[in-house]
Amino acid sequence: EPERALAQVVIDQLLSAEAIALLHETAGEALACAVELQMRTGRRPQEITHAPLQCLDHEERVREDGKLEHLPVFVYRPEKRPKTRKELPIFAEERRLVKRMQAATRERFPDADPTRLPLLPRQYANRSGRKPLAPPMLAVTVRKWMSALAELIGPDGEPFDRTKVFPYAFRHSYAQRLADEGASESELMDLMDHDSFE
């Protein structure tokens, strides 16, 4: 829907070092990582929370000079087509986030089969480590974070309405950034996992 995307100036504040540190204080590492990863990748909450531990891969691409380069991708299963394996190109910051959570999860469940573990296992009632975070926890986490944040400024310098910051707003914001940068309709449909541009 129109106007559900957050302005880039708002996203920039949410991704600032101070705001991310506060997110970690209020939510803990796994939930903070989930929220930040969603902001950066625009995936649906369940696609983030149910990502497998082994969700990093590389895509081979031939550069203009003819050399082969390996670009990091985030591997997930689209919520609407869970049997499909999708790869989303990511940047170094997203890769660093995933690597940090992979290490934390392996340290927490050292004897578990890594192919059976989620990237973001839930904190309680999860002895085997196989239960992922519940997607609704992202909304709860974002609400607590917004309540704790000292200020949030809108594009015109006005106080920004924090009720507009919720998990799906991150997805809309990601799509809007792609559109603003000139992504084609087919590219947007592919990156957002939609069959129609409607």
*Please check the chain for the longest run free of chymotrypsin sites (Phe, Trp or Tyr not before Pro) that are loop-located per DSSP (anything but H, G, I, E, B) and have at most 16 other Cβ atoms within 10 Å.*
1-90
_Ignoring ligands, DNA and RNA, please state the percent of accessible area on the chain from carbon and sulfur, probe 1.4 Å._
51 percent
*Sum -39500 (n - 2.57) across every DSSP H segment of at least 4 residues in the chain, then divide by the residue count to get the 222 nm mean residue ellipticity, nearest 500.*
-13500 deg cm²/dmol
_Using +1 at the C-beta of Lys and Arg and -1 at the C-beta of Asp and Glu, which of L188, Y174, G129 has the Cα lying farthest in the positive direction of the dipole of the stretch 97-198?_
G129
_Treating only the Cβ of Lys, Arg, Asp and Glu as charged (+1, +1, -1, -1), what charge dipole size does the stretch 29-123 show about its Cα centre? Round to the nearest 20 debye._
380 debye
_Under DSSP loop assignment and at most 12 Cβ neighbours within 10 Å, longest trypsin sites (Lys or Arg not before Pro)-free interval of the chain_ = 128-198
*Let me know the charge dipole size of the stretch 126-198 about its Cα centre in debye, to the nearest 20, where only the beta-carbon of Lys, Arg (+1) and Asp, Glu (-1) is charged.*
960 debye
_I'd like to know which of M101, L119, T84 lies farthest towards the positive end of the charge dipole of the stretch 80-122, counting +1 on Cβ of Lys and Arg and -1 on Cβ of Asp and Glu._
T84
*So which residue, out of L138, L71, L14, gets the largest mean-square fluctuation from a GNM of the chain using Cα contacts under 10 Å as springs?*
L71
_Under the rule a/c < 1.5 gives rounded, and otherwise a/b versus b/c splits prolate from oblate, where does the stretch 115-195 land using the Cα gyration tensor?_
oblate
*In debye to the nearest 20, how big a dipole does the chain give about its Cα centre with +1 on each Lys and Arg Cβ and -1 on each Asp and Glu Cβ?*
1280 debye
_Accessible area per residue, Å², the stretch 74-198 with all protein chains present, probe 1.4 Å_ = 62 Å²
*asked:* How high is the relative contact order of the chain? Use alpha-carbon pairs under 8 Å, at least six apart in sequence, and give a whole percent.
replied: 30 percent
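The values are calculated or read from the model by the stated rules, or taken from the named source; none is laboratory data. Since we're looking at a predicted model, the values are computed, not measured. Virtual Cβ from ideal backbone geometry, glycine too; neighbours counted across all protein chains shown. These accessible areas exclude ligands, DNA and RNA; they are computed on the full protein's heavy atoms, side chains included. Shrake-Rupley method; radii C 1.70, N 1.55, O 1.52, S 1.80 Å.
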